[in-house]
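Taking it in order: structure first as structure tokens, then the write-up.
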Amino acid sequence: MNLSASEFYSSGADTTDAVLESAFFAKLKMRNGTFKLTQPSRFQELEVAFRPHVQERAGSLREVLDVGVSTGLTTVELARFLSDCGSAASITATDLFIEAHIVELFPWFRVFCDPGGWPLQYDLRGIAIRPWIRRLDYVTLAFIPLMLSRSILQARLRSRISAGVSTPVRMVTRSLPPNGAIVFVENDIMRQSERFIRRFDMIRAANILNTGYFSADQLHVAIENIQAYLHGPGALLMIARTNRAGENAATLFELDEDGSFTALGRVGGGSEIERLVLDFRGPQPSTAIGALSIGRQ
Ligand SMILES: C[S@@+](CC[C@H](N)C(=O)[O-])C[C@H]1O[C@@H](n2cnc3c(N)ncnc32)[C@H](O)[C@@H]1O
């Protein structure tokens, strides 16, 4: 049986069960059509392959950005990997969707939704019901009540949330280290954020910058933003994609003096967007926002 959000976030829930946690999040479909999917230990081969490059720079890896982290399960593993490599980096973990709310509309009906009132799960007397529509629902006509309830409820949920009549929760893993080394921020990699400019010594984008998700133009925008977020020459960029069989295709890049990237290492033949990254010509890191003397923000 699916776990309801109220049960999942209740104090009695088993906070150590990673399988239960992944199963709960994997059934949540966001308003942009993506699911909160992630898998533990999916990047072990990348850690083995890229370890020498990371270890070599461990002392200078102070701020790391992990883009499109879902619940951050693999960010926790990245933190462990960096620490094993000798780096005490703090990690900023971003995703489009992190904040959510549980709204009780009736004593027997609660809705788990995003801050804009987009339903992620209905809870009818403790039974979790998915609000999203599958192809089969068009055959069985189940899509009609699902669509109706979404459009009727959205405004109501939004107004309850802005009136403070909801329980705010975060869609992040409960396996976070208690030392605060990972900070979650809602952020869109397609929109440049001033506060990230030239801040990071390493950026990872895993299972997000895929040709299936984004057009070449969108990927170019994302690469442009990532380049702007890197601290300067020598900073690292890791791009990876995991296929259904759990195999990875990834490339580790280094930012050059002239603002272009060089590939330092590959796994599984390299990232599918490696060519786009290597062909990228952005502003030189030292002149991107003024002189190098501006330093870290
Ligand atoms: C498949 S998950 C990858 C999770 C994790 N990085 C991993 O590899 O296990 C992709 C995540 O990217 C997020 N995402 C999609 N578009 C995004 C965007 N424009 N900016 C930031 N995150 C985005 C989705 O919300 C989703 O949680």
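Among the conditions (1) closer than 20 Å to LEU230 by Cβ; (2) in contact with a strand residue (DSSP E or B) (Cβ under 8 Å, 6 or more places away or on another chain); (3) within 15 Å of the ligand (Cβ to nearest atom), the only one that VAL54 does not satisfy is (3).
The set of residues in the range 66-116 that are part of a strand (DSSP E or B), of a type in the set (A, V, I, L, M) and within 11 Å of the ligand (Cβ to nearest atom) comprises VAL67, ALA93.
Is it the case that ALA23 is surrounded by fewer than 16 Cβ atoms within 10 Å (Cβ to Cβ), away from the ligand (no atom under 13 Å from the Cβ) and part of a loop (DSSP other than H, G, I, E, B)? Considered against the rule, which asks whether it is surrounded by fewer than 16 Cβ atoms within 10 Å (Cβ to Cβ), away from the ligand (no atom under 13 Å from the Cβ) and part of a loop (DSSP other than H, G, I, E, B), ALA23 comes out as no. The residue list PHE50, PHE43, PHE81 contains one member that is modelled with pLDDT of 95 or more and under 22 Å from ARG174 (Cα atoms), which is PHE81. When the residues of the range 23-58 are filtered to those that are among the aromatic types (Phe, Trp, Tyr) and more than 18 Å from ALA5 (Cα to Cα), which remaining residue is nearest to the chain's Cα centre (by Cα)? Only one residue fits best here, namely PHE43. The C-beta contact set for the range 20-40 (first residue within 11 Å of LEU120 (Cα to Cα), second residue more than 7 Å from the ligand (Cβ to nearest atom) and of a type in the set (Val, Ile, Thr), distance under 8 angstrom, 6+ apart or interchain) comprises PHE25/THR71; LYS36/THR71.
The values are calculated or read from the model by the stated rules, or taken from the named source; none is laboratory data. What you see is a predicted model, and the numbers here were worked out from it, not measured in a lab. No Cβ is skipped: glycine too gets one built from the backbone with ideal geometry, and neighbour counts run over all protein chains shown.
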